[in-house]
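Engineer: Please see the structure below; I have some questions.
The values are calculated or read from the model by the stated rules, or taken from the named source; none is laboratory data. All values reported here derive from a predicted model rather than from experimental measurement. Heads up, the Cβs are rebuilt from the backbone with ideal geometry, glycines too, and the neighbour counts pull from every protein chain shown.
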Amino acid sequence: MSSLEIEPLEKAIIQLETGIERAQQNQDDELVRDGVIQRFEYTMDLSWKLLQRYLKTDLQVEESAIRSKKDLFREAARLKIISDAERWIAHYEARNATSHDYDQEKAKAVYAQVLLFLPDVKKLLEALRSAD
């Protein structure tokens, strides 16, 4: 039985979905879009941390196999927990892009990545639920 607490990720995904729905209704509202990006940031953080904990604790993957986020996503894909490591790496890079500096074009690009992230994070949640 898995020792993972997935409820915070479930709640974060719901909040992200709600934000995306509102942003799609108000496509010119930069404040709403920026809120979606912030929800994406914490959902992404919860995702990789939960994935890392699952690999280390439940699957006993050696820490040396997952030294970087790229390693983490590639190992998770190898174990068929996620389907595409490169997409997850792109999600992670988009998450980090907003924390260094901010401009409208970067925000639009990150928002576009958020729309790709949502189905992937839902699949991750299902994989973690089935591991329980």
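Engineer: Out of all the residues in region 98-115, is one or more in contact with an Asp or Glu (Cβ under 9 Å, 6 or more places away or on another chain), surrounded by 14 or more Cβ atoms within 10 Å (Cβ to Cβ) and not in a helix (DSSP H, G or I)?
Structural biologist: Within region 98-115 (the criterion being in contact with an Asp or Glu (Cβ under 9 Å, 6 or more places away or on another chain), surrounded by 14 or more Cβ atoms within 10 Å (Cβ to Cβ) and not in a helix (DSSP H, G or I)), the answer is no, since none of the residues qualifies.
Engineer: Look at region 1-38 and say how many of its residues are closer than 20 Å to residue 115 by Cβ and either in a loop (DSSP other than H, G, I, E, B) or in contact (Cβ under 8 Å) with a residue 40 or more places away in the chain (or both).
Structural biologist: Summing the residues that are closer than 20 Å to residue 115 by Cβ and either in a loop (DSSP other than H, G, I, E, B) or in contact (Cβ under 8 Å) with a residue 40 or more places away in the chain (or both) in region 1-38 gives 16.
Engineer: Can you pull out every residue in region 60-97 that is outside any helix (DSSP H, G or I) and not polar (S, T, N, Q)?
Structural biologist: Hits for region 60-97 are 61, 62, 67, 79, 80, 81, 82, 84.
Engineer: Could you please let me know if residue 76 is under 16 Å from residue 123 (Cα atoms), of a type in the set (A, V, I, L, M, F, W, C) and either modelled with pLDDT of 95 or more or buried (at least 20 other Cβ atoms within 10 Å of the Cβ) (or both)?
Structural biologist: On the way: under 16 Å from residue 123 (Cα atoms): yes; of a type in the set (A, V, I, L, M, F, W, C): yes; either modelled with pLDDT of 95 or more or buried (at least 20 other Cβ atoms within 10 Å of the Cβ) (or both): yes.
Judged against the criteria, residue 76 is a match.
Engineer: Would you mind finding the one in 46, 124, 115, 72 that is of a type in the set (A, V, I, L, M, F, W, C) and touching a Pro at 6+ places or on another chain (Cβ under 8 Å)? Full working, then the answer.
Structural biologist: Working: 124 fails: touching a Pro at 6+ places or on another chain (Cβ under 8 Å); 115 fails: touching a Pro at 6+ places or on another chain (Cβ under 8 Å); 72 fails: touching a Pro at 6+ places or on another chain (Cβ under 8 Å).
Of the residues listed, the single one that is of a type in the set (A, V, I, L, M, F, W, C) and touching a Pro at 6+ places or on another chain (Cβ under 8 Å) is 46.
Engineer: In the set 55, 31, which member is out of contact with any Cys (no Cβ under 9 Å at 6 or more places or on another chain), surrounded by 15 or more Cβ atoms within 10 Å (Cβ to Cβ) and of a type outside the set (D, E, K, R)? First the steps, then the outcome.
Structural biologist: Details: 31 fails: surrounded by 15 or more Cβ atoms within 10 Å (Cβ to Cβ).
After applying the criteria, what remains is 55.
Engineer: Looking at (1) surrounded by 15 or more Cβ atoms within 10 Å (Cβ to Cβ); (2) at pLDDT below 95; (3) under 17 Å from residue 131 (Cβ atoms); (4) of a type in the set (Gly, Ala, Ser), which is the one condition that is false for residue 3?
Structural biologist: Exception for residue 3: condition (1).
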